[in-house]
Every structure is written in C-alpha cells, then in structure tokens.
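The values are calculated or read from the model by the stated rules, or taken from the named source; none is laboratory data. Fair warning: this is a prediction, and the values are worked out from it, not measured in the lab. For neighbour counting, all protein chains shown are included, and Cβ atoms are generated from backbone atoms with ideal geometry for every residue, glycine included. Heavy atoms of the whole protein, side chains included, go into the accessibility calculation; ligands, DNA and RNA do not. Shrake-Rupley method; radii C 1.70, N 1.55, O 1.52, S 1.80 Å.
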Amino acid sequence: MPKAWVVPDNVDTDVIIPARYLTTADPVELGAHCLEDLDPTFASAVELGDVVMAGTNFGCGSSREHAPLALKGAGVSVVIARSFARIFFRNAINTGLAVTVSPSAVEGADQGDDIQVDLAENVVRNRTKGTTHDAEPLPPFLLDIVAAGGLVPWVAHRQASGGKS
Amino acid sequence: MSGQTITEKILAAHSGRERVVPGEIVMAKVDLAMANDITAPPAIRALEQMGCGPWDRSKIALVASHFAPAKDIASANLLTAMRRFAQEQDIEHFFDVGRGGIEHILLPEEALVLPGQVVIGADSHSCTYGALGCFSTGVGSTDIAAVWATGEIWLRVPASMRLSYSGRPGPWVVGKDVILSVIARIGDDGAAWMAMEHTGPGLRHLTMESRLTLTNMAIEAGAKSAIIEPDDTTMEYVSERRASTGRHLPFEVFSSDPDACYERELDVDLDTLEPMVAQPSLPSRAIPVSEVRSGRIDQVFIGSCTNARIEDLRIAAHVLGNQRIADGVRLMVIPATQRVWRQANDEGLLDLFATAGATVSTPTCGACLGGHMGVLGPNEVCVSTSNRNYVGRMGHRTAQVYLANPGVAMAAAVAGEVVHPADVCAAPPPRVEYEEVAAVA
Ligand code: SF4
C-alpha cells in the first residue's frame with residue numbers, strides 16, 4: 001500500500017537534495033540521499049509508490065531539476081502539497097514526477113496513512129481515515145505535456161511537425 | 001479596459017499579442033537563455049534527446065560558476081561537458097573559469113541583459129536581471145533545453161505585486177536590508193508565482209547594485225520575477241556597460257500604465273529601516289540587526305550573486321578599515337566576477353582583506369551553496385551575504401547561517417558576533433549616488 005510521508009511547510013530543494021550531491025544527475029544515486037537533512041531514514045525506509053504529503057511552498061529555492069529526480073529515484077510516486085514553489089512545479093511536470101495540490105488531503109493526513117491518488121479524476125483518497133479529497137486539476141496546456149510523456153517528447157514532437165503541436 | 005503592467009507589456013510584445021492577462025499561458029520569444037555548470041549538462045542531454053540543436057548560438061549564455069574551478073573530478077566532468085558543447089556548437093557567450101564569474105552579476109556587466117528583454121535562466125536567481133527592466137525568471141534544465149531548441153518558452157502570465165518605496169534609507173541600509181524587510185513582512189511564499197514590481201520615489205536612492213540585490217531575492221519570497229522600470233540610474237548603467245563592452249544589442253524600455261492592475265500592494269518606508277539580519281534557517285526570519293543575539297560565530301562569507309559586487313566589497317573594506325578579523329573567526333571574501341576581482345585588486349581592497357586575516361578567492365559561487373571554499377561543519381555559525389540560510393544550504397544540517405548585508409557581515413568578522421556596523425566603524429561608508437540624489441531632491 002502507498003503510505004504517506006508527511007513533511008512540513010517550505011521544504012526547499014537544498015533539503016530535498018543537498019548541493020553536495022549535484023555532481024550526478026542519476027535519479028537512483030540522487031534518491032539515496034533524498035530528504036536526508038530532514039529525515040536521515042527517509043531514503044532507506046521509503047517504498048516504491050509512496051506518497052509525500054507536504055505543506056505550503058514545497059520545493060522552494062534552487063532550480064535544480066535534481067530535486068524531482070531524487071524524489072522519483074527514491075521511489076516516490078506523487079507529491080501532494082498545500083502549494084508548490086513555481087520552479088519545482090515546472091520541473092516535476094517536465095521530468096514526469098506526479099504533483100498535485102490538495103490542501104484538504106494534507107490537512108488530515110498522518111505519517112503512514114494509506115493514500116491513493118487518482119490523477120485522472122483529481123481525487124485523493126485517504127484509506128486509513130476513510131476520507132476523499134478534491135485535488136486541483138492541471139491546466140489543459142500542462143495536461144498536453146504530461147500526456148506527451150514530459151517536455152522532452154513534447155518538444156521533439158513539436159519540432160518534428162514544424163513547430164505545430 | 002484597464003492598463004497593463006510592465007511585465008504584461010513585455011510578455012505581450014514577446015508573444016505577438018496586443019495585451020495579455022494574468023493567468024493565461026503564452027509562448028514567449030526569448031532573448032537570452034542561460035545555464036551554468038550544474039544545470040547545463042542535463043540540459044545538453046535533454047536537447048540531444050529532443051533531437052535538436054541550439055536555435056541561435058548568439059542567444060545562449062553558458063557560465064562556469066557553481067563548482068568552478070572544478071572542486072573534484074565529478075565537477076570537472078560537468079565543466080568539460082559544458083565546455084565541449086560550447087565549442088561544438090560555437091556558443092558565442094561561454095564564460096569559462098578566469099573569464100567570467102557568477103552569472104547574475106556577470107550578464108548585466110557584459111551588457112547581455114537589457115531593458116525590455118525576456119531572459120530565461122536555468123538558475124533560480126535569474127530573477128535578478130529584472131533590475132534592468134526586463135522580464136527574467138528561473139527554470140530547470142529541461143525547460144532551458146526546450147528554449148535552446150525552439151527559442152520560445154511557455155509562461156503563465158504572472159499577477160503582479162506592487163511594492164512602493166518612499167523615504168530615504170539611512171547610511172548603513174542597502175538593497176539587502178530592503179528586500180529582507182519585505183520578505184520578513186510577506187513570508188517565504190508571500191509573492192508566490194507573482195511578479196514583484198518595485199516602484200516609488202524611494203528607489204531613486206538605491207544604486208544599480210542595491211537594485212540588483214533587491215530583485216535577486218525575489219525568489220526567496222516565492223516570486224516568479226521581479227522588475228524595476230528603467231530610470232536614469234538604469235540607463236546610465238546600461239550605457240556605461242554597452243560602451244565598456246562594445247556590445248550594443250538592441251533593447252526597448254517599457255513602463256507600467258497608471259491604471260494597471262495589481263493583485264497586492266505594499267508600501268515600504270525606507271526612512272525607518274535598520275540593517276536587517278535573517279536568522280537561521282529561513283530568509284523570512286529577518287529582524288533588525290540591533291535585536292540579533294548570535295553568540296560567537298565561526299565564519300563570515302562575503303560573496304554570492306546577492307552581495308559580491310564592487311560596491312559591496314567597498315562597504316566591507318570601509319567597515320574593516322585597519323582592524324583585524326577576530327580571533328577564531330574565518331573570513332572568506334569571494335568577488336563575484338573577474339571584473340569585480342580586478343577592480344577590487346586595483347583599489348587595494350583584496351590586500352586590505354588579506355592583511356586583516358581573510359582568505360580571498362577567485363570568483364565562484366563556492367560557499368553560498370555549500371559547494372566548496374568554506375563548507376560549514378556541524379554546529380558552526382556563519383554570517384553570510386548570500387540569499388539562502390536553509391537547513392544544510394552551506395554545509396552540515398546543524399550549521400546555522402545568518403544573512404546580512406556586507407557591512408554587517410564585515411562588522412561580525414571584526415567583532416566575532418553579529419553587531420551593528422556602527423559599533424566597529426565610526427563613520428558610515430560614503431555613498432556617492434545617495435548624496436547626489438539627496439542634494440537635488
Ligand atoms: S551565488 Fe549562490 S545563489 Fe547565486 S547563483 Fe551561485 S549558488 Fe546560486
């Protein structure tokens with residue numbers, strides 16, 4: 001079962017992956033150090049498919065794309081936050097880390113809750129608490145990028161078709 | 001129909017539109033697309049995966065700044081990847097070690113960022129360039145690769161926050177204090193996803209260097225961008241940099257309509273402002289320097305894209321005078337660019353710092369991001385002129401970082417703890433622009 005990892009407000013990209021590891025961009029290597037300055041046990045205890053439930057301004061700070069890559073490499077399937085910092089949000093979409101905004105889902109969640117996320121329906125279910133929460137839908141333009149598989153295939157397709165999408 | 005902000009006008013002009021409104025997504029043409037030694041290598045890989053080459057070799061800037069000169073073999077590999085790409089693709093603006101410095105101070109110096117442009121940088125502090133009256137924002141590596149491939153970027157037009165400055169800052173107050181006081185008021189995400197537009201008569205008293213600090217830290221309030229309408233100070237700087245570099249790229253000056261719409265407005269009185277210090281471990285934890293109780297400190301770092309320009313080093317040197325660095329304190333001075341380094345050297349500042357017991361390094365981001373040149377160990381306390389004091393930012397997660405202006409930082413180096421610079425230096429630093437403006441005001 002995908003379990004919740006609850007983290008506070010203003011978790012910045014230096015905490016998600018400290019600069020000392022930025023000499024690699026390999027998700028698995030980065031994942032081994034993900035969030036270690038916040039919780040040294042996270043990277044070893046997190047399981048494939050787990051969910052990070054964050055407060056406000058998640059991913060603030062540096063523009064390092066290594067941050068969403070580290071979360072992916074650690075096995076995180078989706079980050080649910082009260083709000084995201086802008087650059088992190090773009091980087092997540094571009095690199096294929098699922099992100100969604102749902103303040104009410106974060107509100108009642110505790111560490112270890114069984115969380116199920118339906119991104120197509122924009123719904124978060126907390127199966128431990130038996131609650132269901134709306135998540136904010138992505139703008140259609142971003143859904144296009146997600147549907148294409150990220151920004152790299154989206155641009156490749158657009159350029160190949162002469163600048164039209 | 002209401003008027004438009006400077007940000008909306010620049011984005012409209014770059015996306016072939018009459019007008020744009022906050023919230024809509026536009027494809028904007030980009031005038032300059034920058035990456036550094038950490039963000040360029042993944043971008044180069046993404047560009048290859050897109051099956052594309054650079055759209056315009058004269059509109060890409062590559063800067064060796066973060067782990068440069070190479071701090072280990074892995075960072076040497078990053079620098080090599082960027083160097084090779086620059087050579088193979090004949091990138092016009094490649095600034096290698098010894099020829100550049102920290103991008104956010106370098107690109108304005110090089111007259112590569114100019115009023116009215118759209119500038120995109122693969123670095124979060126790319127918001128700095130807005131001090132020149134352009135739209136500029138930070139993105140990640142894949143986004144910058146998309147710009148390199150197409151010359152365009154998708155942007156959601158930001159709502160604007162207007163900050164109106166009145167009064168005149170006191171002699172110890174510079175741009176750093178102004179922006180720290182704003183972040184303390186609005187919070188670390190107080191301008192989330194917005195354009196911070198700095199306006200008002202108080203701005204006349206801020207030098208170009210102070211303004212670049214003001215826009216530099218927009219990201220620490222969560223903003224997408226920051227902008228200042230070009231005025232005489234801006235145009236003087238732009239003319240001087242164009243003449244000095246011989247680079248005469250075209251530009252256009254935009255300004256906000258009087259009836260433009262703002263999502264939020266804030267008045268800031270500069271008269272009452274004291275030098276501000278952000279306590280560990282968030283920039284929003286800034287309080288007046290007189291209220292800070294830091295206890296003994298271990299290190300002072302005067303550097304970074306926030307405060308390592310010549311004006312910053314002059315202020316630090318003024319506060320230092322002929323004093324020595326306190327026993328038990330290490331002072332690292334890292335001028336931001338080769339040009340700043342040489343100017344500081346010509347003025348005797350570097351010798352003054354070294355004589356007092358400081359280390360003076362070649363330009364690099366260095367200690368700012370805990371990369372090299374002064375990484376903090378467990379429980380160490382540092383006063384830094386940089387922009388982020390997050391947990392683990394400058395080294396060990398238990399290290400404590402205070403953010404301050406260069407005068408306050410140097411005073412801490414002399415006193416061994418955070419003090420008001422007036423406690424170690426009788427006369428405030430001379431402020432040429434400030435006096436001139438005051439005389440005609
Ligand atoms: S000096 Fe610091 S904040 Fe500025 S670009 Fe370098 S690492 Fe980033």
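Measuring heavy-atom accessible area with a 1.4 angstrom probe and counting protein chains only, the residues of the range B:51-92 that give up at least 20 Å² relative to the chain alone are B:C52, B:F67, B:A74, B:L78.
Ignoring ligands, DNA and RNA, what percent of the 1.4 Å accessible area of chain B is carbon and sulfur? Numbers along the way, then the final one.
Numbers: 7020 of 14690 Å².
Accessible surface attributable to carbon and sulfur in chain B totals 48 percent.
Burial here means at least 50 square angstrom less accessible surface with every protein chain in place than with the chain by itself, probed at 1.4 Å; in the range A:124-165 the buried residues are A:F141, A:L151, A:V152, A:V155, A:Q159. For the residues A:M1, B:M50, a 1.4 Å probe over the protein chains yields an accessible-area ranking, largest first, of A:M1, B:M50. A:D114 sits among other residues whose Cβ lies under 10 Å from its own Cβ, and their net charge, with Lys and Arg +1 and Asp and Glu -1, is +3. Please identify every one of the trypsin sites (Lys or Arg not before Pro) in the range B:134-222 that sits in a loop by DSSP and has no more than 12 other beta carbons within 10 Å of its own beta carbon. In loop regions of the range B:134-222 (DSSP not H, G, I, E or B), there are no sparsely surrounded trypsin sites (Lys or Arg not before Pro).
Across q = 0.18 Å⁻¹, the range A:94-163 modelled as identical point scatterers on its alpha-carbon atoms has Debye log10 I(q)/I(0) values of -0.73, in the order of the q list. Charge tally around B:T272: other residues with Cβ under 14 Å, Lys/Arg +1 each, Asp/Glu -1 each, net -3.
Each Lys and Arg Cβ is given +1 and each Asp and Glu Cβ -1; about its Cα centre, the range B:273-431 then shows a dipole of about 380 debye. Across the alpha-carbon set of chain A, the Rg to Rh ratio works out to 0.98, Rh being the Kirkwood radius.
Think of chain B as having a plus end and a minus end, set by charges on the Cβ of Lys, Arg, Asp and Glu; of B:F254, B:G133, B:A399, B:A399 sits farthest toward the positive end of this dipole.
Counting lysine pairs in chain B that sit 8 or more residues apart in sequence, or on different chains, and whose Cα atoms lie under 19 Å apart gives 5.
Mean residue ellipticity at 222 nm, helices only, chain B: -9000 deg cm²/dmol; runs of at least 4 DSSP H residues each add -39,500 (n - 2.57), and the sum is divided by the number of residues. Heavy atoms of the protein chains alone define the surface here; on that basis the protein assembly as shown has 35 Å² accessible area per residue at 1.4 Å probe size. Buried by at least 30 Å² relative to the chain on its own: which residues of the range A:10-32 qualify, computing accessible area with a 1.4 Å probe on protein heavy atoms? So the qualifying set is A:N10, A:D12, A:D14, A:A19, A:R20, A:L22, A:T23, A:A25. Using only the C-alpha atoms, the convex hull of chain B corresponds to 131 Å³ per residue. GNM on chain B, alpha-carbon springs under 10 angstrom: the most fluctuating residue among B:D351, B:D259, B:D177 is B:D259. Overall, the protein assembly as shown carries a charge dipole of about 740 debye about its Cα centre when +1 sits on the Cβ of Lys and Arg and -1 on the Cβ of Asp and Glu, all other atoms neutral.
In whole percent, and with a 1.4 Å probe on the protein chains, what portion of the accessible area of the range A:1-93 is carbon and sulfur?
Here carbon and sulfur together make up 58 percent of the probe-accessible area.
Straight Cα distances below 13 angstrom link A:K3 to the aspartates and glutamates A:E47, A:D50, A:D110, A:D113, A:D114, with same-chain residues fewer than 8 positions distant left out.
Rank by packing, highest mean first: peptides B:337-345, B:402-410, with packing defined as the count of other Cβ atoms within 10 Å averaged across residues. Don't skip to the end; give the middle numbers.
Numbers: B:337-345: 20.1, B:402-410: 30.2.
Answer by packing, highest mean first, reads B:402-410, B:337-345.
Each Lys and Arg Cβ is given +1 and each Asp and Glu Cβ -1; about its Cα centre, chain B then shows a dipole of about 900 debye.
For the chain pair B and A, buried accessible area totals roughly 3500 Å², probe 1.4 Å, rounded to the nearest 100. Sorted into 20 angstrom bins from 0, the C-alpha pair distances of the protein assembly as shown split as 21, 57, 21, 1 percent. Taking B:V147, B:V97 and ordering them by how much accessible surface each has at a 1.4 Å probe, largest first, produces B:V97, B:V147.
When the P(r) is computed for the range B:15-163, the part past 29 Å accounts for 15% of the Cα-Cα pairs.
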